[in-house]
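Have a look at the structure below before the remarks.
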Amino acid sequence: MTLPSNPGTKRRYRTIWLSDTHLGSKGCQAQLLLEFLQHIECKKLYLVGDIIDCWRLKNRWYWPQLHNDVVQKILRKGRKGCEVIFIPGNHDSLVRNYTGMSLGSVKILEDDIHVTARGERLLVLHGDIFDNVMRFTPWLATIGDHLYEFLLKLNRPINKFRERFDKGYWSLSAHLKMKVKNAVSYISQFEKIAAEHASKKQADGIVCGHIHHAEIRQFHGINYYNDGDWVESCTALAEDFDGHLSILDWHQLRSELLSPEITEISVTH
């Protein structure tokens, strides 16, 4: 179901974290991402890696106008005063060659420390450094990536069928991932290692992406935040103006925010 866009309806936050949009791949939910960017405003926007899927583009060029519209919308936010920080991931690792530079209004960093409104120091990075499969067996990661792409292709006809019966979005790939014991164990181990890394860096918490699984949890006093992705869950992480963080699920928010009765909301706890 496609809802009419109303640019006048906006929800405002202090900070937004986005990752794993995979622009340049057919799995990218670019239309939903563009809607999100049109209706969510923030003072600071973190792009936490795998924004552009260079792996896909290297094998086969795929860049529809909608993907270009997303990039232009992000750049426009930067020109209008939003602080945009791009922290590359493994799929757009080529951008790491430009760490410390700015492309237009977008600053490129290897990682960053974000201080929330309530003083929490958060280490921000993509998260592929915690992935032993990626670091030590890249050929295995490539095989897994092709399998993942196949599951994403199956998502599209499944959800077109569900739309005919007014059913909400459902991800086969996410469902299978959480049913497979090894995948669940991998996610849990990833989260634990990420929190330990933040502790070593003397941060209060960590924000990352990479594993396409939005989550907020705590490990021995260290807050772990994952903003999810825009090929399966269409989620982001948001900080309100009181410094509290929450996961935004665009599938749940879009009906509310695109309602004609709502004009503008500044989010506080």
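The values are calculated or read from the model by the stated rules, or taken from the named source; none is laboratory data. Owing to the predicted nature of the structure, the values given are computational and were not obtained by experimental measurement. Positions of Cβ are generated from backbone atoms using ideal geometry, with glycine treated the same way; all protein chains shown enter the neighbour counts.
Observations
- Residues located in region 80-126, provided they are of a type in the set (S, T, N, Q) and under 20 Å from Glu191 (Cα atoms): Asn90
- Considering the conditions (1) at pLDDT below 95; (2) assigned to a helix (DSSP H, G or I); (3) within 16 Å of the chain's Cα centre (by Cα), Leu32 is excluded by exactly one of them, (1).
- When residues in region 190-223 are screened for being assigned to a helix (DSSP H, G or I) and under 20 Å from the mean Cα position of the chain (by Cα), 7 of them pass.
- Boolean, Leu237 is at pLDDT 95 or above and either surrounded by fewer than 19 Cβ atoms within 10 Å (Cβ to Cβ) or within 17 Å of Trp17 (Cα to Cα) (or both): yes
- Inter-residue pairs, beta-carbon under 9 Å, first at positive phi and in region 71-87, second modelled with pLDDT of 95 or more, 6+ apart: Gly81/Lys43
- Residues (surrounded by fewer than 16 Cβ atoms within 10 Å (Cβ to Cβ), modelled with pLDDT under 90 and outside any helix (DSSP H, G or I)) located in region 241-262: Ser259, Pro260, Glu261, Ile262
- Checked against the criterion of being over 18 Å from the mean Cα position of the chain (by Cα) and surrounded by 16 or more Cβ atoms within 10 Å (Cβ to Cβ), the candidates Thr15, Thr9 yield just one match: Thr9.
- Residues that are of a type in the set (Lys, Arg) and assigned to a helix (DSSP H, G or I) were ranked within region 66-80; the one that is nearest to Gly104 (Cα to Cα) is Arg79.
- Failed criterion for Leu94 (all others in (1) loosely packed, with under 15 Cβ neighbours inside 10 Å; (2) of a type outside the set (Lys, Arg); (3) in a strand (DSSP E or B) hold): (3)
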